[in-house]
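Q: Sharing a structure, written as structure tokens. Questions coming.
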Amino acid sequence: MSWTPLEAHRCLLQWKAIWQGKIDVEQCSMKVTRKDAVSQSGVGWLHFAVTSRLGWIFREQPSQDKGVDAHIEEVVEGRATGRLIGLQIKSGMSWFRERTRGGFLFRGNLEHLSYWRGHSLPIIVVVFNPDDQEAYWQIISERYVRENEKGWSLTVPYINKITPDIVPTLTEICSPESRKKFFKKRAMLYEIASIFQENFDGRQSLLYNALHLVEHSLFVAVPYIDAAMLSVLDFLSCKTKVYLAIGSDQSKEVRNLLRAGLGKGIEVRIFPGLHLKCVIFDSLLVMDGSANLTSVSLSSPQEQFSFLVEEASCQAALERFFDIWSGRHGPFLDPTREALIGTTLDFSQ
């Protein structure tokens, strides 16, 4: 959808009138719910504010783009630069209930955070208050994100309003220099991916190199894992969060490690009948193939592996992983509590 600033402003006034109850939804040409009205009022307001206050270009994104509602493009002296920022727009008073000393507390789920971490664009969260017609923003950055057992949170500062004063800050956010580290790491992972398949003797070393580059999250789904690789992941969890989904048929050594307890940075869920095989490094690189995660499988010429660095492939892999991880396709066991959600497994043998 492409609107002019005037069209965006008219749309905003209509959604605001619906939200305030001044006109009935039935008076509108399209059927909407109050939730739709609140959501679209935020998008309409942001479109108007970005174009009129910042002088930048606003492009609403299709719903298929998970977790990114719009792109804004920098404009310098009347010319579009091609430098973009992705926006996640949240509208309504429910996003302003939790407050800290410095701002509003925004909470999200791990699935969305994982998509944004691997996105080629910098992502900012914008929360829109339909009552006072103001919006507040914060960039998704490891500096501000705080992970917890239920997901994650970050503080959206009271002073971070959408005003002309923020243009220099947004320019810095979308500058190539600010994303230099991101693209450098992706290039290093791409180099590993390009030689992994044919380098049978060096696969384990290359895998360790890729693991060394991980900074914030590692997602692993394999039916079977050996004790050596489980120990490596446990050690890695000292510096980054590891999410491990495995099948119920494991060796005695692995069962002993699980029973003894692993580090706080690794979360393990056991899924009977698990078939998915993939490893996702920092939401930037996907390793999948025919093999389980064992030292023998990694060095076997008969086992096929593929490394994918493309953003679409990473997002698809994350979606498959979270479909399993959330329990949408069946029950899982938390081995730390030895309590199964939906069935029972015996770790006493």
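The values are calculated or read from the model by the stated rules, or taken from the named source; none is laboratory data. Given the structure is predicted, the values throughout are model-derived calculations rather than measurements. All Cβ positions, glycine included, derive from the backbone under ideal geometry; neighbour counts span all protein chains shown.
Q: Can you spot a residue in region 180-194 that is of a type outside the set (Val, Ile, Thr), within 30 Å of Glu303 (Cα to Cα) and more than 23 Å from the chain's Cα centre (by Cα)?
A: For region 180-194, residues of a type outside the set (Val, Ile, Thr), within 30 Å of Glu303 (Cα to Cα) and more than 23 Å from the chain's Cα centre (by Cα): present.
Q: Mind counting the residues in region 98-121 that are of a type in the set (Asp, Glu) and part of a helix (DSSP H, G or I)?
A: So the answer is 1.
Q: Take Gln138 and decide whether it is on the phi > 0 side of the Ramachandran plot, touching a residue at least 24 places away in the same chain (Cβ under 8 Å) and of a type in the set (S, T, N, Q).
A: no
Q: Let me ask another. For region 127-141, state whether one or more residues are among the charged types (D, E, K, R), in a strand (DSSP E or B), farther than 17 Å from Leu318 by Cβ and in contact with a Cys (Cβ under 7 Å, 6 or more places away or on another chain).
A: No.
Q: Also: Return the only residue of Gly67, Gly42, Gly108 being within 30 Å of Ala316 (Cα to Cα), of a type in the set (Gly, Ala, Ser), modelled with pLDDT of 90 or more and within 27 Å of the chain's Cα centre (by Cα).
A: Going through Gly67, Gly42, Gly108 in turn, the sole match is Gly108.
Q: Let me ask something additional. Just to be sure, is Trp152 touching a residue at least 12 places away in the same chain (Cβ under 8 Å), outside any loop (DSSP other than H, G, I, E, B) and crowded, with 21+ Cβ neighbours inside 10 Å?
A: No, not satisfied.
Q: Sticking with this structure for a sec: For residues that are part of a strand (DSSP E or B) and in contact (Cβ under 8 Å) with a residue 12 or more places away in the chain, tally how many sit in region 82-97.
A: Number of matching residues: 9.
Q: Looking at (1) touching a Cys at 6+ places or on another chain (Cβ under 8 Å); (2) at pLDDT 95 or above, which one does Asn160 not meet, given that it meets all the others?
A: (1)
Q: In addition: Would you pick out the residues in region 155-175 that are part of a helix (DSSP H, G or I) and touching a strand residue (DSSP E or B) at 6+ places or on another chain (Cβ under 8 Å)?
A: Residues satisfying the conditions are Ile166, Leu170, Thr171, Ile173.
Q: Now for a separate question. Which condition breaks for Trp3 when tested against (1) surrounded by 14 or more Cβ atoms within 10 Å (Cβ to Cβ); (2) under 30 Å from Ala312 (Cα atoms); (3) modelled with pLDDT of 65 or more?
A: (3)
Q: Shifting gears a bit: Here are some conditions: (1) modelled with pLDDT of 90 or more; (2) under 24 Å from Glu319 (Cα atoms). Ile72 meets all but one. Which one does it not meet?
A: Every listed condition holds for Ile72 apart from (2).
Q: How about region 115-142: which of its residues are among the aliphatic types (A, V, I, L, M), within 20 Å of Leu285 (Cα to Cα) and out of contact with any Gly (no Cβ under 7 Å at 6 or more places or on another chain)?
A: Listed by number, the list holds a single entry, Ile140.
Q: Please determine whether any residue of region 283-293 is of a type in the set (A, V, I, L, M, F, W, C), farther than 28 Å from Ser120 by Cβ, touching a Phe, Trp or Tyr at 6+ places or on another chain (Cβ under 9 Å) and in a loop (DSSP other than H, G, I, E, B).
A: yes
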